[in-house]
Structure formats: structure tokens, C-alpha cells
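Here the structure comes first, spelled out in C-alpha cells, and everything after it is commentary.
The values are calculated or read from the model by the stated rules, or taken from the named source; none is laboratory data. If you're wondering where the values come from, they're calculated on a predicted model, not measured in any experiment. Using ideal geometry, Cβ is built from the backbone for each residue, glycine included, and neighbour counts are taken over all protein chains shown. SASA here: full protein model, heavy atoms, side chains in, ligands and nucleic acids out. Shrake-Rupley method; radii C 1.70, N 1.55, O 1.52, S 1.80 Å.
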Amino acid sequence: MTVPSKYVIELLLLLLFPLSSSMCMADFHSDTGVLFCPNHMKVSPDGRQVDLVMDQSCGSGFQSNKAFIFGKFDIRMKLITGMSAGTVTTFYLNSTLGKWHDEIDFEFLGHIGATHYILQTNIFTKNVGSREQRIHLWFNPTADFHNYSILWNPHQIIFYVDNVPIRVFRTGATGVPYPSQQPMTVYGSLWDGSNWATEGGKIKVDWSKAPFVASYRDYNVDACVWSGHGQSTRCTNPSLPWMSHTLDAGELKQLEWVRKNYLIYDYCTDPTGTKPECSV
Ligand SMILES: *[C@@H]1O[C@H](CO)[C@@H](O)[C@H](O)[C@H]1NC(C)=O
Ligand SMILES: *[C@@H]1O[C@H](CO)[C@@H](O)[C@H](O)[C@H]1NC(C)=O
């Protein structure tokens, strides 16, 4: 008997788990749908860009047609120019189809023209959130498109801004659930967060400056598509680069640089309550 080669084993695995393990996409027409207020969402004819428009009647949002279990989710965004206080612009994953609430968020908090956008990230696992971190950015996010990515694998969640890691959440802290059993749907939205977004709600949306426009483009998903059968095992193919990715030395340096120079709030150092993962 000959020992089956790695190639043969991989072929067998493919035959056993024939569903697509990965997909990429970049078309807002065919891969996303409207979350709310369809007439406030403008998709470009080629499907590569969507503008979300908010006025006093409505904001807007989109959601992916498919759900995913693990993957790398990229988008390029250009935020509202000028006065944007009270507005919240988001790109996030939510376990909408699941039994409990897992969520991975980018939330851009609007500002009065003279100050800066705040990028807040948050993570919910098994219904528990309140894991906010806030940073300033090292560029003007309203002047041009920049890349925002979420890498989510069984070991960690990494938030990237222009390929620079700004936050990592790892599995393994005792008593802290990690999102790994439920699929996530992808969302982008623009809405009125007057009651909390800017200086704790002190500065509201100034409707005289409406309409507010946030643009998203080059939406790209390289992820395991959820088949609806509770299967995540087929996403174990190690050749998917994001599946086993951990921060290398260069990325760790970048993360340190961000935290040292741009971090303005971290739930882990908030005296009102620390979570078990903060002491790891
Ligand atoms: C995410 O989904 C949960 C239901 O699982 C829902 O309660 C929550 O509002 C959603 N979050 C967002 C930001 O849409
Ligand atoms: C954003 O991503 C695109 C596509 O991967 C890349 O070509 C571009 O250089 C990136 N931009 C920045 C500012 O990192």
C-alpha cells in the first residue's frame, strides 16, 4: 500500500466538502440589498460604489445577501465632509441569523468641522458588548477613500485601517466567549446618532447641513459562505491566508504605534468595569 500524498488527501477533502469555501465579490447590485430607506442609497451603474445619503427623513444602509463564517471583509470608505456631528457611519458584521448576538463593528462618529472623526470599534460575543475602543486617524478620512478591513478567523479578530492593524481580539480568555459558531452578515449604514455619537450626545445633527453623504466602494469579501447547515468545519482549509493569520512582528509594531499615538479610549482601562480578557 502506498501512503496517499498530500495532494490526494486534499482532493478527498474537496470531494467530501464540495461547497465553495470562499468567495470574492465586488458588486453592490448583486451581492447586497437595502437595509432601510432604498431611495437614500445610490449604487453606481458598475456596482462598485454605493453612496448612503442622510437627510431629516432618513439615513440608509445595505446588507450582504449571504452570510459568512470566518473571512476577510474589505471596503473603502470616504466619510461625510464638513460638519458631521451626530452622525454615525458604520461597516460591521452581525450574527443576525444566529441564536445569540455576536457583532464586530467599525463605527465612525461624526464631529464638528473643526475637530476630527473618531473611529470606534466594538465587539459583542454571546450578547455581551461594551468593548469600545476609540482612535483618531492619522489622515483625513473625508478627503479620500481609505481601506477598512475586518479579519475574522477561529483565533482572532483583527481590525485594519489601510492595512495597519488597529485592534486585535483573541480567543482564549477564560470565561469570554469567542464568535466562532454563528455566521455573520455584512452591513454598512449611515444614521442619526444625535443622542450619543458626538461628545456624548451634546452636539446633535445640524440638519441645515444635510444631505450627508458617506461613500463605500470596492467591497470585497474573501470568506467562507454559510450554507445554512450549521457547518463551519469546511472552513478549515489552511490555504486560505486569513484563516491562520496572526500578527507578525511588523504588524505588532504598527499596532503599538497606533495605540501609543492615536488611542483615545479603551474599555480595558475604563475604571467603571474591566472584562476578563483585559487582564490577559
Ligand atoms: C445585530 O443583531 C442583533 C440581533 O441578533 C440586533 O439586536 C442588533 O440590533 C443588531 N445590531 C446592529 C448594529 O444592527
Ligand atoms: C487600499 O487597498 C487597495 C486594494 O487592495 C490598494 O490598492 C490600495 O493601495 C490601498 N490603499 C491604502 C491607502 O492602503
Distance between modelled label sites at LYS126 and LYS99, nm, 7 Å Cα→Cβ extension: 1.2 nm
At ALA210 and CYS268, where each label point lies 7 Å from the Cα along Cα→Cβ, what is the point-to-point distance in nanometres? 4.0 nm
Once all Cα-Cα distances of the chain are split into 10 Å bins that start at 0, what whole-number percent is in each one? 6, 27, 35, 22, 7, 2, 1, 0
If each residue of separation counts as 0.36 nm, what is the full-extension length gain between ASP27 and ARG48 once their alpha-carbon separation is subtracted? 7.0 nm
Prolate/oblate/rounded call for the range 120-220, Cα gyration tensor, a/c under 1.5 rounded: prolate
What accessible area per residue, rounded to a whole number of Å², is obtained for the range 134-280 using a probe radius of 1.4 Å? 48 Å²
A correct Karplus calculation of ³J(HN,Hα) over the range 122-135, with 6.51 cos²θ - 1.76 cosθ + 1.60, θ = phi - 60°, whole Hz and x for Gly and Pro, returns 8, 9, 9, 10, 6, 6, 9, x, 6, 10, 6, 10, 10, 9
Integer Hz, Karplus 6.51/-1.76/1.60 couplings in order for the range 158-164, x for Gly and Pro: 10, 9, 10, 10, 6, 6, 9
Total charge dipole magnitude, the chain, about the Cα centre, Cβ charges on Lys, Arg, Asp, Glu only, Debye to nearest 20: 320 debye
³J(HN,Hα), Karplus 6.51/-1.76/1.60, whole Hz, each residue of the range 253-264, x for Gly, Pro: 4, 5, 4, 4, 4, 4, 5, 5, 9, 10, 6, 10
Given a 1.4 angstrom probe, I'd like the percentage of the accessible area of the chain that is carbon and sulfur, rounded to a whole number. 56 percent
Any lysines with Cα under 29 Å of the LYS42 Cα? List them, leaving off those in the same chain fewer than 8 positions away. LYS66, LYS72, LYS78, LYS204, LYS209
Given a 1.4 Å probe and heavy atoms of the protein chains only, how would you sort LYS202, LYS42, LYS275, LYS99, largest accessible area at the top? LYS99, LYS202, LYS42, LYS275
Highest first, please rank the peptides 167-174, 258-265, 28-35, 76-83 by the mean number of other Cβ atoms sitting within 10 Å of their residues. 76-83, 28-35, 167-174, 258-265
In nanometres, the difference between 0.36 nm per residue of separation and the alpha-carbon distance of VAL34 and TRP196 is 55.8 nm
A student applying the Cα gyration tensor rule (rounded when a/c is under 1.5; otherwise prolate if a/b is larger than b/c, oblate if not) would label the range 62-103 prolate
